[in-house]
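Computed from the coordinates by the stated procedures, all read-outs in this text should not be read as laboratory data. From a predicted model like this one, the values you see are computed outputs, not experimental measurements. No Cβ is skipped: glycine too gets one built from the backbone with ideal geometry, and neighbour counts run over all protein chains shown.
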Amino acid sequence: MKLLADTCTFLWLATNHPRLSPAALAACRDPGNLVFLSALSALEIAIKHRRGRLPLPESPGRYVVSRREWLDIRPLPFDENAATHEALLPPHHRDPFDRGLISQAILGGMTIVTPDESFSRYPAPLLW
């Protein structure tokens, strides 16, 4: 199965956070699944860190890459196809980062790993 980790899911995986659901943890650790992290999530992490809303033990660039590699998560570029697909989505969710992730999941045939129930209003499978 191809999984796309939401930003909070990635951060919780990286810290073994107790809010991470057992199903999400099991799916992301299952070697039979391919887990991806979007470049959009890296951008969101960098912005939140710069604004002082996300403390990290090192720079966002080092943190994202080191934790992604440690967790065996693959990088997923955000391309113009996903960017323009976002305009086709109904306005159920206003967060541009989340809308971009939804577009990537739909186009890539991925299941989104997220606790955000509002994602369920779009035609991408969810796992939590």
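If you place +1 on the Cβ of every Lys and Arg and -1 on the Cβ of every Asp and Glu, how big does the dipole about the Cα centre of the chain come out, in debye to the nearest 20?
Roughly 340 debye for the chain.
Output needed for the chain: three equivalent-ellipsoid semi-axes, defined as square roots of 5 times the C-alpha gyration tensor eigenvalues, in descending order, whole Å.
Ellipsoid semi-axes (Å, largest first): 21, 18, 14.
Would you kindly state the longest site-free stretch of the chain, with sites defined as trypsin sites (Lys or Arg not before Pro) in a DSSP loop (not H, G, I, E, B) surrounded by at most 14 other Cβ atoms within 10 Å?
Longest gap between qualifying sites, sites excluded: 54-93.
Taking N as the number of residues in region 4-67, what is its alpha-carbon radius of gyration divided by 2.2 N^0.38 Å?
Normalised Rg, Cα atoms only: 1.12.
If you filter region 45-110 for GluC sites (Glu not before Pro), then keep DSSP loop positions with at most 12 other Cβ within 10 Å, what is left?
Taking region 45-110 and a limit of 12 other Cβ atoms within 10 Å, the loop GluC sites (Glu not before Pro) found are Glu58.
Amide H neighbours of Leu54 under 5 Å, counting only residues 5+ apart in sequence or on other chains, H built in-plane at 1.01 Å?
HN-HN under 5 Å from Leu54: His49.
Taking the dipole about the Cα centre of the chain, with the C-beta of Lys and Arg at +1 and of Asp and Glu at -1, give me whichever of Ala83, Leu37, Ser103 is farthest to the positive side.
Of the candidates, Leu37 comes out farthest on the positive side.
In a shell of Cβ-Cβ distance under 14 Å around Ile106, excluding Ile106 itself, what net charge do Lys and Arg (+1) and Asp and Glu (-1) give?
0
What's the extension gain from Lys48 to Ala23 if we count 0.36 nm per residue and subtract their Cα-Cα distance?
6.3 nm
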